[in-house]
Amino acid sequence: MRTSKAYGCGFIAVVACFSLNAQAIGRQNWNQEEAAKRVQSVITQEEANDFRWDKIDWLVDAKLAASRAQAEHKPILLYFFLKGDAGPKAAPC
C-alpha cells in the first residue's frame, strides 16, 4: 500500500511540474480552427500530388552526395525506411 501511494504522489508531482512548465513557457491553447486549416492544407497537397519531397533532387550514391554537399556548402539528409519485419527484432519501432 505504501508503495502505490508513493508512486501516486510522484506521478501527481510530475504532472504538476509539466503543467507548470507548459504555462511558464507560454504554451498556447489548442486552436481547433487553425488545426483544421492545416489538415485541409495537407489534404489539398496530397490530392494535387504536390509534395515538396518530390521536388528534391534525391541521390542514392553516398559518395556523390557527400561531394555535392561539400561543393554546395549544404548538409546531407540521410533517410531510410525499413519495411515489415526488416531490422533487429528488439527494435522498439
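The values are calculated or read from the model by the stated rules, or taken from the named source; none is laboratory data. As the structure is a computational prediction, the values presented were derived from the model and not from experiment. Virtual Cβ from ideal backbone geometry, glycine too; neighbours counted across all protein chains shown.
Among the residues of segment 59-89, the one identified as at pLDDT 80 or above, surrounded by 10 or more Cβ atoms within 10 Å (Cβ to Cβ) and within 21 Å of the chain's Cα centre (by Cα) is 76.
Does segment 25-37 include one or more residues that are surrounded by 10 or more Cβ atoms within 10 Å (Cβ to Cβ), farther than 22 Å from residue 80 by Cα, of a type in the set (Gly, Ala, Ser) and modelled with pLDDT under 70? No, because not a single residue in segment 25-37 is surrounded by 10 or more Cβ atoms within 10 Å (Cβ to Cβ), farther than 22 Å from residue 80 by Cα, of a type in the set (Gly, Ala, Ser) and modelled with pLDDT under 70. If you take the residues in segment 40-58 that are part of a loop (DSSP other than H, G, I, E, B) and aliphatic (A, V, I, L, M), which one is surrounded by the fewest Cβ atoms within 10 Å (Cβ to Cβ)? The residue in question is 48.
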